[in-house]
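Take a look at the structure below.
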């Protein structure tokens, strides 16, 4: 009954009805050619169109919704006029604007990504940002921008692209989506983060470079009772396809929140990838059991580095209490152990389903979190040892350029690559009824997503976005995006006031925190509240109140 209710009516009703009507009209044509000719032609054409939709592989939504999908395309084609005269602008993000999605679609398809008639953005509104250009531009021919992770600390450092696929698990995404993402990463020589659902057979099929994310459930490296298993970890981590390992402390979609995959969704395939029992609730606790203090976290990082055979080890978090991040940094100083990288996930991130309050009001946005992490490492003379990645609504070349100017060494994108797969932002990811086969475990729905075709789009999106990054960088008079700095970005504060981003953000100089030279109150007060031996604030209660 579930199959009939959720599949037949929504996907094939119009096509099946047209086919039945076509057969009936043929009988009418035989009985009376004059009366039966018109309906025969009409329903015959619809049946033919539905058949073409069902068997083609270029557009998943047509494959899942024969005939009906064309109504969407019709409304989409006239939507600019409807929106322009009656509704909101194309630049209004909800959470991504039509302009942003169109840009990804165009670059993924290799279509023209230029536009005419000037910008649709109000350049005089507050918070508008731009990059200042140079009169002495640079032509950049090699757009394969990379950053070395783990150099000097690891036996197997990794040359990472500055633009990669963010963490999205098999289970959240379909098997076909995972295959397409990984094959696209293989084609473009960039990295594919597994998400905390571990490494599935679909990640391994095409051999693309993997960043293996380990969450609090230790999927793929757990004991039967959910504890960390060193032997299982080493077995997976030493796979040549795994290039880096990432400990997930928290994620932007729902920082501080655990998760549960209901038993009905824990299929044999998902259970095998995660190392859990099939058809049993799969629990991700809200915090780790392998460590409970910052020093223990550093020791865990050292353990994983050794077990993996010397591969880069880092952690991902959405910045929460500043003193907790400072405590982790103090643990680096105390132990002499540093992660090879840190990924700052912004609270605006969100490929995972989450409670509304967590999505809207929990965690630090990416820009503020990135600046805090970058500043702290600079102030401790650790920035050259720890690379920083960033994720949070990054889909365009300007998003990458601005994020790198704020201190990131590379960027990750989740929803950008989902758009490249054909996602139409239906926002039904958590229901299992994704209309394009991206975020579903229904084999009938995901069959519409052809991995070979969509892998090419993933590859194109990555390649064409980096070409655009090169154009922006060269126009600014620079030869590599890692040369971008806050003073290259300008932000409008009001209709009559603009400022360089570098003037709006308090940046630390090397050694400022070590020598107590940090002038900004966040660094002065929260630094004193941090201890390498606990994640809790150690300052007196009245000091905490005073800071607030």
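What do you reckon, is residue 211 without any contact (Cβ under 8 Å) to a residue 60 or more places away in the chain and either over 16 Å from the mean Cα position of the chain (by Cα) or assigned to a helix (DSSP H, G or I) (or both)?
For residue 211, the condition - without any contact (Cβ under 8 Å) to a residue 60 or more places away in the chain and either over 16 Å from the mean Cα position of the chain (by Cα) or assigned to a helix (DSSP H, G or I) (or both) - is not met.
Cβ-Cβ under 9 Å, sequence separation 6+ or interchain: first residue in segment 421-445 and outside the structural domain of residue 456 (by TED's automatic domain parsing), partner at pLDDT 80 or above. Which pairs?
Cβ pairs passing all conditions: none.
Counting only residues that are assigned to a helix (DSSP H, G or I) and surrounded by 17 or more Cβ atoms within 10 Å (Cβ to Cβ), how many does segment 304-321 have?
Pass one, segment 304-321, residues assigned to a helix (DSSP H, G or I): 304-307.
Filter once more, keeping what is surrounded by 17 or more Cβ atoms within 10 Å (Cβ to Cβ): 304-305, 307.
Residues in segment 304-321 being assigned to a helix (DSSP H, G or I) and surrounded by 17 or more Cβ atoms within 10 Å (Cβ to Cβ): 3 in total.
Go through (1) modelled with pLDDT of 85 or more; (2) assigned by TED's automatic domain parsing to the domain that holds residue 206 for residue 499 and report which single condition fails.
Only one criterion in (1) modelled with pLDDT of 85 or more; (2) assigned by TED's automatic domain parsing to the domain that holds residue 206 is unmet by residue 499, namely (2).
Are any residues in segment 96-117 farther than 11 Å from residue 395 by Cβ and not in a helix (DSSP H, G or I), and if so, which ones?
110, 111, 112, 113, 114, 115, 116, 117
Among (1) out of contact with any helix residue (DSSP H, G or I) (no Cβ under 6 Å at 6 or more places or on another chain); (2) part of a helix (DSSP H, G or I); (3) free of Cβ contacts under 8 Å to residues at least 40 places away in the same chain, which single condition is residue 498 missing?
Against the list (1) out of contact with any helix residue (DSSP H, G or I) (no Cβ under 6 Å at 6 or more places or on another chain); (2) part of a helix (DSSP H, G or I); (3) free of Cβ contacts under 8 Å to residues at least 40 places away in the same chain, residue 498 comes up short only on (2).
Taking the conditions exactly as written (at negative phi and crowded, with 23+ Cβ neighbours inside 10 Å), does residue 342 satisfy them or not? So that I can check it myself, show each step before the final result.
Values: at negative phi: yes; crowded, with 23+ Cβ neighbours inside 10 Å: yes.
Judged against the criteria, residue 342 is a match.
Tell me, which residue of segment 260-303 that is at pLDDT below 85 and in a helix (DSSP H, G or I) is surrounded by the most Cβ atoms within 10 Å (Cβ to Cβ)?
Within segment 260-303, the match that is surrounded by the most Cβ atoms within 10 Å (Cβ to Cβ) is 265.
For residue 487, work out the one condition from (1) assigned to a helix (DSSP H, G or I); (2) in contact with a helix residue (DSSP H, G or I) (Cβ under 6 Å, 6 or more places away or on another chain); (3) surrounded by 19 or more Cβ atoms within 10 Å (Cβ to Cβ) it doesn't fulfil.
(3)
Let me confirm something: among 179, 156, which residue is assigned by TED's automatic domain parsing to the domain that holds residue 344 and either assigned to a loop (DSSP other than H, G, I, E, B) or free of Cβ contacts under 8 Å to residues at least 40 places away in the same chain (or both)?
Just a single option satisfies the conditions, and that option is 156.
Could you tell me whether residue 332 is in a loop (DSSP other than H, G, I, E, B) and either within 29 Å of residue 506 (Cα to Cα) or assigned by TED's automatic domain parsing to the domain that holds residue 151 (or both)?
In short, no.
Restricting attention to segment 223-242, which residues are under 25 Å from the mean Cα position of the chain (by Cα) and without any contact (Cβ under 8 Å) to a residue 60 or more places away in the chain?
236, 239, 240, 241
Return the total of residues in segment 454-479 being out of contact with any strand residue (DSSP E or B) (no Cβ under 7 Å at 6 or more places or on another chain) and in a loop (DSSP other than H, G, I, E, B).
The qualifying residues number 3.
Going by what's in this entry, would residue 405 be described as in contact with a helix residue (DSSP H, G or I) (Cβ under 6 Å, 6 or more places away or on another chain) and at pLDDT 95 or above?
yes
Let me spell it out: the conditions are (1) at pLDDT 80 or above; (2) over 13 Å from residue 323 (Cβ atoms); (3) outside the structural domain of residue 420 (by TED's automatic domain parsing), and residue 523 meets all of them except one. Which number is the exception?
Only one criterion is unmet by residue 523, namely (2).
Could you run through segment 118-134 and say how many residues are part of a loop (DSSP other than H, G, I, E, B) and either in contact with a strand residue (DSSP E or B) (Cβ under 6 Å, 6 or more places away or on another chain) or touching a residue at least 24 places away in the same chain (Cβ under 8 Å) (or both)?
The qualifying residues number 11.
The values are calculated or read from the model by the stated rules, or taken from the named source; none is laboratory data. In this text, all values refer to a predicted model and were calculated from it rather than measured experimentally. All Cβ positions, glycine included, derive from the backbone under ideal geometry; neighbour counts span all protein chains shown.
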